[in-house]
1. Under the 0.36 nm per residue contour assumption, what length would be gained going from the current alpha-carbon distance of Glu264 and Glu437 to full extension?
2. With a 10 Å radius around each residue's Cβ, average the other Cβ atoms per peptide and rank 125-136, 224-235, highest first.
3. Under the Karplus relation 6.51 cos²θ - 1.76 cosθ + 1.60, θ = phi - 60°, what is the ordered set of whole-Hz ³J(HN,Hα) values for the range 352-365, x standing for Gly and Pro?
4. For the range 237-346, take the alpha-carbon Rg, divide it by the Kirkwood Rh, and send me Rg/Rh.
5. Once amide H atoms are built 1.01 Å from N in the peptide plane, which residues 5 or more positions from Gly282, or in another chain, come under 5 Å H to H?
6. Mind putting together the pair-distance distribution for the range 115-251? All Cα pairs, 10 Å bins, whole percent per bin, short to long.
7. Label Phe311 and Ser140 with points 7 Å out from Cα along Cα→Cβ: what is the distance between them in nm?
8. Please state the equivalent ellipsoid semi-axes for the range 348-462: what are the square roots of 5 times the Cα gyration tensor eigenvalues, largest first, in whole Å?
Amino acid sequence: MSVRPNRRFLRSNWNVIATLTVITLIAVWIVFPNGGNLSGASAKGRSSWWPQTGGPQLISVQPFPEMEGAICEWVPASASGNDTLAASFRPAALLNHALQGAAQSAPDGVRTATEIERAPLRVIRDTYPTYSAIAVDTTSNEVYMQDENLFGLKVFNRLDNTPPNAAFTEPKRVISGPNTKLEFNCGLYIDQKTGDVYSVNNDTMDTLTVFARGASGNATPKRALHTPHGTYGIAVNEAVQELFLTIEHINAVVVYRKLADGEEKPLRTLRGLQTQLEDPHGIAVDAKNKWLFVGNHGNHKLSEAPWTGRFEPPAITVYPLEASGDTAPLRVIEGPKTQLNWPSAMFIDEERQELYVANDVGDSILVFRSTDSGNVAPIRIVKGPQTQIKNPTGVFVDLKNDELWASNMGNHRAVVFPRSANGNVAPLRVIRSAPAEKMALAIGNPGAAAYDSKREEILVPN
């Protein structure tokens, strides 16, 4: 049965519908000039259309003057002229203006277009760093903070401390630029022996990059491993030189050689319904007990089995370190007592047998015993207004200096505590990269935008 539009509605709202349609098409053309093909853009680099400073932004597009008074014509969806829902509107005056000359030389039936550059009316954008991950190089006494908003790595001295009345602390150096392949970077690991810095891309680049200690500016990585789309967390088993990565969208953990490069394939993959991997993010390796810890947000589905899709509570699943295939977890930490809410980065203290979790939506750092199982309460919780923790996605324990670090996506800063901190405690030091009153806009990776006319608000799903 064919579906036909209401012809009376179309006649009475002809210009309104056509104008809205054209504005939408123009907005899509401006924001995605390559037709929305992000995979193609990432392969070539995005400098031709992405802001040079990097990062997500929203724009407001103005109508073209050529649209004023334009007469819109009905374009049938098929040669038969059937006015189905697949048909479209076009403003004749605008098309004639834009396609003048080009259409005359085009083959029959082929439509051409010209590129029109027009600046946005305004831009909504966070111009300050937001930190998705953090790690300390205990040899150089430097803190690496991964900036997912402006695309790059900021490096500070470990003892840096932003005064309350200061606007921010300048990094000692920055790694950023098209050569770095740092975009939407989330996972971070530092080899304490060599100083190599491993950075994981979660979206556009599908690349794990490795930089030498001391790298700066628009540096080219010493290695770049092509990873599956949606890679998030990273952990390394130094004893056997293996690299572990979580893959969000396919609910998997892939294991590579630590020195893997280019198009090298994984040694093994942990994936399947029995694994209970559900939108995995953080990951930690306990080489001493040969356990693998994975933090899950709770979105359960296999792409080849779409009927399995469902939402489960956030959880931490624990596996044998050499697990592969559809292996069930040894145990699961899950339930209301755990306070888990979007667990992100994790860190295992093998000597004290403690697992640290950056609890994103819970605005907290949770600490569990590494042997915990089921609906158990953390042994310590760092949370509260004095902690300055807001949407933490990065956590690192400096075992050499006995300090606990957390990086926040919600307030442009990293905070450091004594390793055994508990409760609503003030940090020892704060590294802040924006004025204290500046709110993080939390525009992570917007896929759409809508306008609420009653409240006069822009709604942005991330």
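Taken together, the values in this text are just the output of simple stated rules run on the coordinates, not laboratory data. Given the structure is predicted, the values throughout are model-derived calculations rather than measurements. Backbone-built Cβ (ideal geometry, glycine too); neighbour counts: all protein chains shown.
1. Values: separation 173, 0.36 × 173 = 62.28 nm, distance 4.58 nm.
Stretched fully, the Glu264-Glu437 segment lengthens by 57.7 nm.
2. On the way: 125-136: 23.8, 224-235: 20.9.
Order by mean packing, descending: 125-136, 224-235.
3. Couplings: 8, 6, 10, 10, 9, 10, 7, 9, 3, 6, x, 6, 7, 10 Hz.
4. Numbers: Rg = 13.6 Å, Rh = 14.1 Å.
My calculation puts Rg/Rh at 0.96.
5. Placed amide hydrogens put Gly295 under 5 Å from Gly282.
6. P(r) for the range 115-251, in whole percents per bin: 12, 39, 31, 14, 4, 1.
7. About 4.2 nm separates the two model spin labels.
8. Numbers: eigenvalues 195, 62, 28 Å².
For the range 348-462, the ellipsoid semi-axes come out as 31, 18, 12 Å.
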